[in-house]
1. Just for the stretch 253-263: of the residues that are surrounded by 21 or more Cβ atoms within 10 Å (Cβ to Cβ) and in a helix (DSSP H, G or I), which one is nearest to the ligand (Cβ to nearest atom)?
2. Give me the pairs: first residue in the stretch 66-81 and in a loop (DSSP other than H, G, I, E, B), second residue among the basic types (Lys, Arg) and at pLDDT below 95, beta-carbon distance under 6 Å, and six or more apart or on different chains, which are they?
3. Among (1) within 27 Å of the chain's Cα centre (by Cα); (2) surrounded by 14 or more Cβ atoms within 10 Å (Cβ to Cβ); (3) over 20 Å from Phe394 (Cα atoms); (4) within 14 Å of the ligand (Cβ to nearest atom), which single condition is Gln351 missing?
4. For the stretch 46-59, state whether one or more residues are more than 16 Å from the ligand (Cβ to nearest atom), closer than 22 Å to Asn230 by Cβ and either touching a Cys at 6+ places or on another chain (Cβ under 7 Å) or not in a strand (DSSP E or B) (or both).
5. Are there any pairs with C-beta distances below 6 angstrom linking a residue in the stretch 274-292 that is in contact (Cβ under 8 Å) with a residue 12 or more places away in the chain to a residue that is within 11 Å of the ligand (Cβ to nearest atom) and not in a helix (DSSP H, G or I), with the two at least 6 apart or on different chains, and if so which?
6. Any idea which residue in the stretch 366-392 is surrounded by the most Cβ atoms within 10 Å (Cβ to Cβ), counting only those that are within 12 Å of the ligand (Cβ to nearest atom) and closer than 13 Å to Leu269 by Cα?
7. Which one of these is aliphatic (A, V, I, L, M), touching a Phe, Trp or Tyr at 6+ places or on another chain (Cβ under 9 Å), more than 23 Å from Leu269 (Cβ to Cβ) and not in a strand (DSSP E or B): Leu110, Leu117?
8. Check Ser149, Ser96 and return the single one that is surrounded by fewer than 20 Cβ atoms within 10 Å (Cβ to Cβ), touching a residue at least 40 places away in the same chain (Cβ under 8 Å), assigned to a helix (DSSP H, G or I) and within 18 Å of the chain's Cα centre (by Cα).
Amino acid sequence: MSSVTERETGMDQTAKLELGGKEITCPVITGSEEEKGIDISRLRAETGYITVDEGYVNTGSTTSDITFLNGEKGILRYRGYRIEDLAAHCDFVEVSYLLLYGKLPNDQELHEFRMSLRRHTMLHEDMRSFYNGFPRDAHPMAILSSVVSGLSTFYQDSLNPSDPEQVRQSELRLIAKLPTIASYSYKKSIGQPFVYPQNKLSYCENFLNMMFSVPGEEYEIDADFVSALNMLLIVHADHEQNCSTSTVRMVGSSNANLFASISAGISALWGPLHGGANEACVNMLERIIADGGNVKKYVELAKDRDSGFRLMGFGHRVYKNHDPRATIIKAACDKLLAKLEIKDPLFEVAQELEDVALNDSYFIEKKLYPNVDFYSGVIYRAIGIPVQMFTVLFAMGRLPGWIAHWKEMHASAGKRICRPRQVYTGPTCREFVPRENRS
Ligand code: ACO
C-alpha cells in the first residue's frame, strides 16, 4: 500500500509518501506562479523505488526562470512578459536578447547586440563546400542539423561550456549564422547561387534577401513579410521544456559543446509530432483539397484510432485551452492575406477544419485545439517560403530559447548529467546457448 499526502507546516510544504510501511518526507517546490512539484530526488536512495512516467507527462525535469506557460488558461510569457505584447511591439533580435539575458534591452544594449550579431553572419568559405556533398533533394532540416554540428569543427576556440566568453562567442555565431545556413540549403535545392549576408539589413530582411534575391535582379524586401516573419520567429522563440529544448538540455548535460547540443535539438524538432507538424499540416491540407475538400471526412478519420491519421496542427501536451500562439498567428494570417489580396484555398480549408473540429464532441472532450503549427504554414506560403523550409523557420525562431535553456542548465548549482532510470521488464538471467545449438 502506498499513499501521498501533502502537509503545510508554516512556510514549508512537504509531501509524505507511505511505501511498504515506511514513511518518507519529500519537499514540495513552489514556483513564482504557485505551481507545485514534489522533489523526489532522494526517493530511490531512501526507499529503493523510482518513479515511472513514460513520455514525461508528469515529470518536472528542472526549475526554470525563462518561460511560464499555463495550458489550462492559455497563457504564455517569456521572462514574465506576455507573448501578445512581445509579438506586437518587439522584433526578434530584441526578444532573443530578453531570452538570453533575462531583461528587455535598452537602446544601447540592443544596438550593441545587433552589432555583435552582424560580425558573425558569414559562413567560413570552406563550409560552403559542405553543401556540394548533399543531394539536391536533401531535406533542409537534415542540412541544418549537419552544418550546425559542423560549426564545432570550424570554431574549436569556443567549445568549452564552462568558459562564459567562449559560450558567448558560440551563441552569437549560432544566432547570426543560422539564417545563412538555412537560406544556403534552400538555394542549393533550387540550384541558385548562394547570396552573402548583407549586414546593413535587419535580421529578417537579411534572411529574406538571402532566400529570394538573385544576382541578376534587384530584390525588393516586402515590409509586410518582414513583420510577419518577425512575429512568427517571436512566437516560436521559447516554450519551456518541450521535446527539442529538453533534448538540448539533455545533450548539454554531458558537457557536449553548444553547437553539438543545438544540432541535436534541431533533429528533435524535425519530427512531425513536434516542429515538423507545420510541414505535415500543409501537406494534410493539400491532401484534403486534392480529395475534394471534404473536411468532415478527415475529421471522422482523425477520430478513428485505427486509421493512424491525426489532424496535424491540432492538440498539445500542455495546452488544454486555446494555444495563444495560434491565436496571434491566425489574426496575422487574416491581416496579411487581406492586405495582399490573396485567396488561399489552404487557409479556407484550414478555417473550415478548425470550425468542424472545434464543434465536434471528440475534440471538445479531449481538449484538442489548433496549435502553433496550424496556421503558420499559410503565412509562410504567402511569403513564398517552400514547405520543406517551414520547420527550418521554426528552428530559427526556437534557437534563442534553446540557448537560454542550455545556459541556464549550466549555471544551475544542481547541474548533473541527465540520466533517467528504468524498470527492466526483459528476460531474467538465461543460460548462454552456443550458436550451433540454437533453434
Ligand atoms: N488528432 C486526433 N486525435 C488526437 C490528436 C489529433 N491531432 N491529438 C491527440 N489526439 C487524441 C489521441 O488519439 C488521444 O486519444 P485517446 O485518449 O483516445 O488515446 C488523446 O487525444 C491524447 O493524445 P496524446 O497523443 O496522448 O497526447 P500527447 O500529449 O501525448 O500528444 C501531440 C500531443 C503530440 C501534440 C498530439 O496532440 C499530436 O499528435 N498532434 C498532432 C501533431 C502536432 O500538431 N504536433 C505539434 C504540437 S506543437 C509543437 O510541438 C510545436
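The values are calculated or read from the model by the stated rules, or taken from the named source; none is laboratory data. Everything numeric here is computed off the predicted structure, so don't read it as measured data. Because the Cβ atoms are built from the backbone with ideal geometry, glycine has one as well, and the counts that use them run over all protein chains shown.
1. Checking each candidate, the answer is Ile262.
2. Going by the 6 Å Cβ cut-off, the qualifying pairs are Gly71/Lys320; Glu72/Lys320.
3. So Gln351 meets the others, but not (4).
4. No, because not a single residue in the stretch 46-59 is more than 16 Å from the ligand (Cβ to nearest atom), closer than 22 Å to Asn230 by Cβ and either touching a Cys at 6+ places or on another chain (Cβ under 7 Å) or not in a strand (DSSP E or B) (or both).
5. Ala277/Met312; Ala277/Gly313; Ala280/Pro272; Ala280/Met312; Cys281/Met312; Cys281/Gly313; Met284/Met312
6. Among those residues, the one meeting the criterion is Asp373.
7. Leu110
8. Answer to the check: Ser149.
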